[in-house]
Amino acid sequence: MNFCSDNVVGVSPEIMAALVECNHGVAMPYGNDDRTLYLNNLFSELFETEVLVFPVATGTAANALALSVMSEPYGAIYCHHQSHIHCDECGAPEFFTSGAKLLTLQGENGKINPKDLASAIARAGIGVVHHVQPAAVSLSQASEAGTVYSIQEVEQIAQVAHSRGLTLHMDGARFANAVVTLGCTPADITWRAGVDVLSFGATKNGAMAAEAVVFFNRDLAHSFSYRRKRSGHLFSKMQFLSVQLEAYIRNDLWLRNAARANQMAKDLAAKLTALSKIMTLCHPVEANEIFVQMPEQVIVNLLADGFKFYRWDGEDSKTVRLVTAFSTTEEDIAALVDAARKYLQKCQPENVAG
């Protein structure tokens, strides 16, 4: 009944079992335990290159701390105007960078256009003391519109950034959903495409509370350990974050969970739009988020029935966001579709299928 977010569901049984197993014996604190020390090897194998990995507990911490080493206080970080770092992190990137400015770009379906990025950097006033100086670009993968950047799109943005001396960050809160959609390797859509630092998300896809900052450009990681400590994200019992990440990656749990969530979103979108021509999608459904326009009466009645979801773009908006998760079932989908059909028939009977 709750389609507000993939944050509303519980923990994958495999990850919960790993946490229980980890809760025996003793381990050195502050990341000096065997599990945490092993993460660099585990992630290096996953990404097919040598990386440095730092567990943190939240996506906001991962993004803000990653960006803190990618921009000076007088720097500019380019992002989409709907990006999480701009809309939903309460100024954390600005705080942890000690004042860097987020400069937003428009772009269809939640994605930055490389030409728009190049134009913005060209107008920035590089070398002019009165202006913030271009420092980094941040992409959301999957985007806040539920769409996915292709490998070529990431490569093009990376080329624009790197050719002008900027680094590229990827907010991968739903990274697994994007990898499944693209059918590529994690390496192909990150460092091989030009990504310098990845915020690797796990919480939305089955973890209890675990994210990781993955450095492909290891030179950027020089001060990160100190910044993580200063922010309060150097956990004394770090093994409980690390074991979640280990269980998440092992046996492709992260991909299986994401594949399930993606499939449920595709099924839900297809069934809702098949009901009526007045049920329309705002963006392609490429991960596990659906943005669909519904008649007001349908929205009101679904909410009254106990279905939970967010109206997008304000309280009066007829666009709603529906998010599926690894634990979403066919029965969940059927219940929402059946209820929507019932209320559509009441308000637009001639336009409703079946």
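Return the whole-Å distance between the Cα centroid of the stretch 204-239 and the Cα centroid of the stretch 257-299.
Taking the Cα centre of each part, the stretch 204-239 and the stretch 257-299 sit 34 Å apart.
Hey, can you find the accessible area per residue of the stretch 254-347 for me, probe 1.4 Å, expressed in square angstrom?
44 Å²
First compute the accessible area of the stretch 237-354 with a 1.4 Å probe, then give the percent of it belonging to carbon and sulfur atoms.
49 percent
Quick check for you: with a 1.4 Å probe and neighbouring chains kept, what is the accessible area per residue of the stretch 1-112, in Å²?
47 Å²
Ignoring everything except DSSP H segments at least 4 long, calculate the 222 nm mean residue ellipticity for the chain; use -39,500 (n - 2.57) per segment, divide by total residues, nearest 500.
Rounded to the nearest 500, the figure is -12000 deg cm²/dmol.
Order these peptides, 36-49, 304-317, 280-293, by their mean beta-carbon neighbour count within 10 angstrom, highest first.
Put in order of decreasing packing, that is 280-293, 36-49, 304-317.
When only C-alpha pairs under 8 Å and at least 6 residues apart count, what is the relative contact order of the chain, in percent?
Normalised by residue count, the contact order of the chain is 22 percent.
Please find the FRET efficiency linking Ala335 to Glu21, where r is the Cβ-Cβ separation and R0 is fixed at 30 Å, and quote it to the nearest 0.05.
It comes to 0.25.
Based only on Cα atoms, what mean projected area does the convex hull of the chain have, in nm²?
It is 18.3 nm².
On the accessible surface of the stretch 112-193, probed at 1.4 Å, how many percent belong to carbon and sulfur atoms?
51 percent
The values are calculated or read from the model by the stated rules, or taken from the named source; none is laboratory data. Owing to the predicted nature of the structure, the values given are computational and were not obtained by experimental measurement. A quick note on method: Cβ atoms are made from the backbone with ideal geometry, for glycine too, and the neighbour counts reach across all protein chains shown. Heavy atoms of the whole protein, side chains included, go into the accessibility calculation; ligands, DNA and RNA do not. Shrake-Rupley method; radii C 1.70, N 1.55, O 1.52, S 1.80 Å.
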